[in-house]
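Enquirer: Below are the structure tokens for one structure; questions will follow.
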Amino acid sequence: MQDKDSVIQHSSSYHVPVLFDEAIDALQVKPDGVYADCTFGGGGHSRGILDKLGPNGKLIAFDQDADARQNVPADERVVFVPNNFRHLQRFLRLNGFAKVDGVLADLGVSSHQFDEGERGFSTRFDGPLDMRMDKRQENNASEILKKYTEQQLHKLFEQYGEITNSKTLAKQIVQQRNHNPLQTIAHLKAIISPVVKGNPNKYLAQVFQALRIEVNDEMGALKEMLEQLPAVLKVGGRAAIITFHSLEDRLVKTFFRNGTFDEQEENSLLPEDKKNDLKIITKKPIIAEEHEVRRNPRSRSAKLRVAERV
Ligand SMILES: C[S@@+](CC[C@H](N)C(=O)[O-])C[C@H]1O[C@@H](n2cnc3c(N)ncnc32)[C@H](O)[C@@H]1O
């Protein structure tokens with residue numbers, strides 16, 4: 001069995017948690033409580049919860065990436081769920097928990113996923129155009145680049161990558177894929193190089209972000225999870241969600257404020273039975289302090305929002 005220090009060292013090379021103290025404090029962990037970590041990853045945040053839980057507390061840790069299992073501690077209080085958090089309520093129930101005292105989600109990909117070239121998440125390596133967090137899933141980035149119409153590619157690069165010349169980019173991909181199917185990162189980089197605008201690294205990062213969000217249906221999964229929060233949280237229970245780009249943050253902010261994804265809806269105008277069951281704890285998102293950003297540049301774009309079930 002690994003000792004505690006080697007587990008910690010091993011997991012921090014897997015991923016360094018962002019906004020650690022802020023997220024754990026926000027959950028106000030009760031020693032006998034039940035908590036769900038939707039995005040276990042290297043288990044950094046989970047460890048913070050476990051440290052505050054007593055012997056009767058429970059932690060239900062979700063991760064759709066099978067690699068995360070290697071970080072699960074040998075601890076009777078932990079139940080690992082190797083599935084998508086879009087099925088939060090279903091798997092909580094299956095494990096005997098109708099309601100929980102807190103839900104944490106630290107969205108996006110882990111450093112481990114970025115650092116493994118063959119997973120296809122990073123522009124730094126050549127490798128397959130994969131980008132699936134869950135390898136049981138069929139569609140990978142190569143399939144999307146092969147099957148999507150020019151219009152669909154245009155929309156996804158525009159929406160998820162905020163790429164200014166997304167129409168030109170989609171056209172270039174569709175023209176080039178007819179000669180040779182796109183399977184590797186090096187090939188994708190080569191065919192899009194004539195249309196790259198501005199800083200090439202930034203441009204590529206935006207292309208990869210857009211593809212990754214689509215491959216993993218990240219916006220769809222987040223919406224479904226948020227919608228389940230009022231049902232799975234006990235009254236007084238808290239949700240703490242860390243996002244890394246404006247599209248995710250907008251969904252969380254709107255849902256916490258309105259209880260729907262309709263940005264126009266004003267909670268006070270809703271009929272009583274449609275009133276929001278969540279109260280915002282963080283009027284403004286919590287962001288990383290300078291010393292954290294210096295130590296862990298990934299934290300630069302992190303935003304933590306917290307709500308309480310009322
Ligand atoms: C940013 S990392 C989380 C790191 C973690 N908080 C820690 O301290 O190590 C995100 C993790 O969530 C997982 N993940 C992302 N979206 C998911 C989803 N919809 N369902 C389940 N797991 C997901 C990823 O596979 C990844 O391991």
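Enquirer: Return yes when Phe97 is assigned to a strand (DSSP E or B) and open to solvent by 20 Å² or more (accessible area, probe 1.4 Å) and no when it is not.
Expert: no
Enquirer: Between residues in the range 216-230 that are open to solvent by less than 60 Å² (accessible area, probe 1.4 Å) and modelled with pLDDT of 95 or more and residues that are aliphatic (A, V, I, L, M) and near the ligand (Cβ under 7 Å from one of its atoms), which pairs lie under 8 Å by C-beta distance while being six or more apart or on different chains?
Expert: Asn216/Met133; Glu218/Leu107; Leu222/Leu107
Enquirer: Within the group Gly108, Gly127, Gly117, Gly102, which residue is of a type outside the set (A, V, I, L, M) and in contact with a Lys or Arg (Cβ under 6 Å, 6 or more places away or on another chain)?
Expert: Gly102
Enquirer: I've got another one for you. Under the condition of being out of contact with any Phe, Trp or Tyr (no Cβ under 9 Å at 6 or more places or on another chain) and open to solvent by 10 Å² or more (accessible area, probe 1.4 Å), which residue from the range 32-49 is nearest to Met219 (Cα to Cα)?
Expert: Result: Arg47.
Enquirer: Whether any residue in the range 247-265 is touching a Pro at 6+ places or on another chain (Cβ under 9 Å) and either crowded, with 22+ Cβ neighbours inside 10 Å or farther than 23 Å from Pro17 by Cα (or both) is what I want to check. Write out each step before concluding.
Expert: Residues of the range 247-265 touching a Pro at 6+ places or on another chain (Cβ under 9 Å): 249, 252-253, 259.
Remaining after also requiring either crowded, with 22+ Cβ neighbours inside 10 Å or farther than 23 Å from Pro17 by Cα (or both): 252, 259.
Looking for residues that are touching a Pro at 6+ places or on another chain (Cβ under 9 Å) and either crowded, with 22+ Cβ neighbours inside 10 Å or farther than 23 Å from Pro17 by Cα (or both), one finds at least one in the range 247-265, hence yes.
Enquirer: Let me ask you something else. Given the residues Asp63, Asp115, which is the only one that is of a type in the set (D, E, K, R), surrounded by fewer than 23 Cβ atoms within 10 Å (Cβ to Cβ) and under 18 Å from the mean Cα position of the chain (by Cα)?
Expert: After applying the criteria, what remains is Asp115.
Enquirer: Same structure again: Checking the structure you have, find out if any residue of the range 266-274 is over 30 Å from Ile163 (Cα atoms), modelled with pLDDT of 95 or more and over 17 Å from the mean Cα position of the chain (by Cα). Even if it seems obvious, please write down each step before you answer.
Expert: Keep residues of the range 266-274 that are over 30 Å from Ile163 (Cα atoms), which gives 266-274.
Among the residues that remain, those that are also modelled with pLDDT of 95 or more are: none.
No, the range 266-274 contains no residue that is over 30 Å from Ile163 (Cα atoms), modelled with pLDDT of 95 or more and over 17 Å from the mean Cα position of the chain (by Cα).
Enquirer: So, of the residues in the range 231-262 that are among the aromatic types (Phe, Trp, Tyr) and either part of a helix (DSSP H, G or I) or free of Cβ contacts under 8 Å to residues at least 60 places away in the same chain (or both), which turns out to be farthest from the ligand (Cβ to nearest atom)?
Expert: This residue is Phe256.
Enquirer: Taking the residues in the range 93-108 that are of a type in the set (A, V, I, L, M, F, W, C) and under 16 Å from Gly57 (Cα atoms) as candidates, determine which candidate is farthest from the ligand (Cβ to nearest atom). Before the answer, list the steps.
Expert: To start, the set of residues in the range 93-108 that are of a type in the set (A, V, I, L, M, F, W, C) comprises 94, 97-98, 100, 103-105, 107.
Remaining after also requiring under 16 Å from Gly57 (Cα atoms): 97-98, 100, 103-104.
Details: Phe97: 17, Ala98: 21, Val100: 16, Val103: 12, Leu104: 8 Å.
Per the stated criteria, the residue is Ala98.
Enquirer: Please find, within the range 1-16, the residue that is modelled with the lowest pLDDT out of those that are open to solvent by 50 Å² or more (accessible area, probe 1.4 Å) and more than 12 Å from the ligand (Cβ to nearest atom).
Expert: This residue is Met1.
Enquirer: Taking the range 31-46, which residues are more than 8 Å from the ligand (Cβ to nearest atom) and in contact with a helix residue (DSSP H, G or I) (Cβ under 8 Å, 6 or more places away or on another chain)? Full working, then the answer.
Expert: Step one: list which residues in the range 31-46 are more than 8 Å from the ligand (Cβ to nearest atom), which gives 31-36.
Within the range 31-46, Pro31, Tyr35, Ala36 qualify.
Enquirer: Follow-up. Say whether the condition of being under 30 Å from Val310 (Cβ atoms), open to solvent by less than 50 Å² (accessible area, probe 1.4 Å) and more than 15 Å from the ligand (Cβ to nearest atom) is met by at least one residue in the range 119-138.
Expert: Checked the range 119-138: no residue is under 30 Å from Val310 (Cβ atoms), open to solvent by less than 50 Å² (accessible area, probe 1.4 Å) and more than 15 Å from the ligand (Cβ to nearest atom).
Enquirer: Can you find, within the range 17-30, the residue that is farthest from the ligand (Cβ to nearest atom) among those that are buried (at least 18 other Cβ atoms within 10 Å of the Cβ) and part of a loop (DSSP other than H, G, I, E, B)?
Expert: Val29
The values are calculated or read from the model by the stated rules, or taken from the named source; none is laboratory data. All values reported here derive from a predicted model rather than from experimental measurement. We place every Cβ from the backbone using ideal geometry, glycine too, and count neighbours over all the protein chains shown. Heavy atoms of the whole protein, side chains included, go into the accessibility calculation; ligands, DNA and RNA do not. Shrake-Rupley method; radii C 1.70, N 1.55, O 1.52, S 1.80 Å.
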